[in-house]
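Report on one structure; see the data block that follows.
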Amino acid sequence: MTVCDVVVIGGGMAGAAAAYELAARCRVILVERETVCGYHATGRSAASFTENYGNRVIRRLATAGRAFFESPPAGFADHPLVRRRGMLTIARADQRSALGRELARANESAPTVHAIDRAEALRLVPVLSSDYLAEAIFEPGSLDIDVDALHQGFLRGLRRRGGTIMTSAEVSALSRRHGAWRVQSAEEPISAGLVVNAGGAWADVVAELAGLPTLGLVPKRRTAFNIAAPAGYDPTEWPLVNDVGGEFYFKPDAGQLLVSPADASPSAPTDAQPEELDVATGVDRIERATTIRVTRVAHKWAGLRTFAADGSPVVGFDGLAEGFFWLAGQGGYGIKTAPALARTTASLVFDRRLPSDLLDLGLCEGDLSPNRLRMPAATRADGATVA
C-alpha cells in the first residue's frame with residue numbers, strides 16, 4: 001500500500017491546481033480515471049478570463065486569481081498564460097434593461113467595464129448586425145487563457161514538488177479506517193489522511209463511494225463549434241462577443257471563430273457529445289446577430305459544467321466525514337477560478353481559514369462550504385437562500 005498525506009481525486013484543472021498548492025507542504029498523490037489528465041471539462045473550455053461573468057462569488061474568485069494568470073511563478077510556463085482579448089456584451093432593443101443591470105453589477109467587480117456606442121461596437125466587431133445590435137458594454141481587461149499551458153504548469157509543478165500522478169486509476173472504493181482514508185483504484189491501494197474530491201461531473205459519485213450523502217451537483221452540457229472566419233475579415237483581434245441574455249457567445253479561435261449557443265442541459269456524468277439541435281441553435285443565433293452565414297461547421301464538441309444549487313463552487317471540509325474535502329461545482333468557471341480555489345484549498349487544509357485576499361474581497365467560508373448545501377432553506381450572510 002502506498003502512503004501519502006493527501007489523495008486528490010480528479011486530474012482536471014481544479015485537481016491539478018490544488019495538488020500543486022498542497023504539494024508545497026505535504027506528500028500528494030493525484031489520481032485520474034482517464035488515460036490523461038484534463039480529458040473532460042478542462043480540455044473543452046472556452047478559455048476565457050473575465051471578472052464580469054458568473055455570480056458574486058465567481059467574480060471575486062476571478063479577481064483573486066488575476067495576478068497568477070498575469071505573473072505566474074518563475075518557471076511555471078515557457079510563455080505567457082494569457083493574452084489581452086476584451087469582452088463585448090451586446091443587447092437587442094428588448095434587452096436594454098438587462099444590459100443596464102449587467103453594467104451596474106459589473107462595476108462592483110470590474111470597474112473598467114463601460115458602455116460603448118453602437119458605432120464603436122461595430123468597429124470592434126464589424127460583422128455584428130446593425131439591425132440586431134442596440135447597445136453594448138465592453139470589458140477591456142478580459143483575457144484569453146492558454147488552458148493547456150496552465151494545466152501542464154500545475155502538473156509539472158506538482159511533480160517538481162515531489163507529488164505523484166496516477167492515470168487510468170479510477171477510484172472504485174473509499175473507506176476510512178484508523179484515522180486514514182483507504183483509496184482503492186486500479187493501481188495499488190493508497191492510504192492518506194485527507195481526500196480531496198475534485199471529481200468534476202463525478203464529484204457526487206465520489207462522495208457516494210465514501211458513504212456520504214451527495215450534494216445534488218448537476219452536470220450540464222455546454223456545446224461549442226468552430227466555423228470559418230467570415231470572408232474579407234481577420235478576426236484575430238476581435239473581442240469575445242457575449243449576448244447579455246446568455247443565448248450565445250463567439251470569439252476568435254486559431255484563425256476561425258468558436259461559437260456556443262450557451263446551452264446548459266442537465267446530464268449524467270459522461271463523456272459529453274454535442275447534440276445536432278444545440279449546434280443548429282448556435283448557428284441560428286449567430287446568423288441572427290451578425291452578417292455571418294454558416295455554410296459548414298468545421299468541428300464541434302461538448303463538455304460538462306457541474307453546478308451546485310446556488311451556482312457557487314463547493315470548497316471545504318465535509319461536516320459528516322473527517323478528512324473528506326470537496327473541490328467541485330465550479331460550473332463553467334473552473335479555469336479562471338483555479339488559481340484562487342487552489343490557494344483556498346491549501347489555506348483551508350493547513351490553516352483552517354480562507355486566504356486573506358479572499359477575505360478582503362468579502363468572501364467567507366460559508367460562501368463555499370459544502371455544508372451550506374445540506375442546510376434546509378438556509379440563508380447565507382449575503383442574503384442568498386440555499387435550497
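The values are calculated or read from the model by the stated rules, or taken from the named source; none is laboratory data. This is a predicted model, so every value here is computed, not measured. Cβ atoms come from the backbone with ideal geometry, glycine included; neighbour counts cover every protein chain shown. Calculation scope for accessible area: heavy atoms of the full protein, side chains included, ligands and nucleic acids excluded. Shrake-Rupley method; radii C 1.70, N 1.55, O 1.52, S 1.80 Å.
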On the given criteria, is Asp253 in contact (Cβ under 8 Å) with a residue 40 or more places away in the chain, acidic (Asp, Glu) and buried (at least 16 other Cβ atoms within 10 Å of the Cβ)? no
All but one of (1) over 21 Å from Gly332 (Cβ atoms); (2) crowded, with 24+ Cβ neighbours inside 10 Å hold for Glu187; state the number of the condition that does not hold. (2)
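Quick grid of which residues meet (1) open to solvent by less than 10 Å² (accessible area, probe 1.4 Å); (2) at pLDDT below 95:
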{"site": "Arg25", "(1), (2)": "no, no"}
{"site": "Glu34", "(1), (2)": "no, yes"}
{"site": "His40", "(1), (2)": "no, yes"}
{"site": "Ile58", "(1), (2)": "yes, no"}
{"site": "Phe69", "(1), (2)": "yes, no"}
{"site": "Pro72", "(1), (2)": "no, no"}
{"site": "Ala77", "(1), (2)": "no, no"}
{"site": "Thr89", "(1), (2)": "yes, no"}
Does any residue in segment 307-333 that is more than 24 Å from Phe350 (Cβ to Cβ) and modelled with pLDDT under 95 come within less than 7 Å, Cβ to Cβ, of a residue that is hydrophobic (A, V, I, L, M, F, W, C) and open to solvent by 30 Å² or more (accessible area, probe 1.4 Å) six or more places away or on a different chain, and which pairs are these? Gly331/Phe307
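Looking at segment 198-216, can you tell me whether even one residue there is part of a strand (DSSP E or B), open to solvent by less than 60 Å² (accessible area, probe 1.4 Å) and in contact (Cβ under 8 Å) with a residue 40 or more places away in the chain?
no
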Residue within segment 86-99 that is within 18 Å of Ala17 (Cα to Cα), within 22 Å of the chain's Cα centre (by Cα) and not charged (D, E, K, R) present: no
Scan Ala98, Ala104 and give me the residue that is over 26 Å from Asp360 (Cα atoms) and either at pLDDT 95 or above or of a type outside the set (D, E, K, R) (or both). Ala98
For segment 164-178, give me each residue that is outside any strand (DSSP E or B) and either crowded, with 19+ Cβ neighbours inside 10 Å or free of Cβ contacts under 8 Å to residues at least 60 places away in the same chain (or both). Ala169, Val171, Ser172, His178
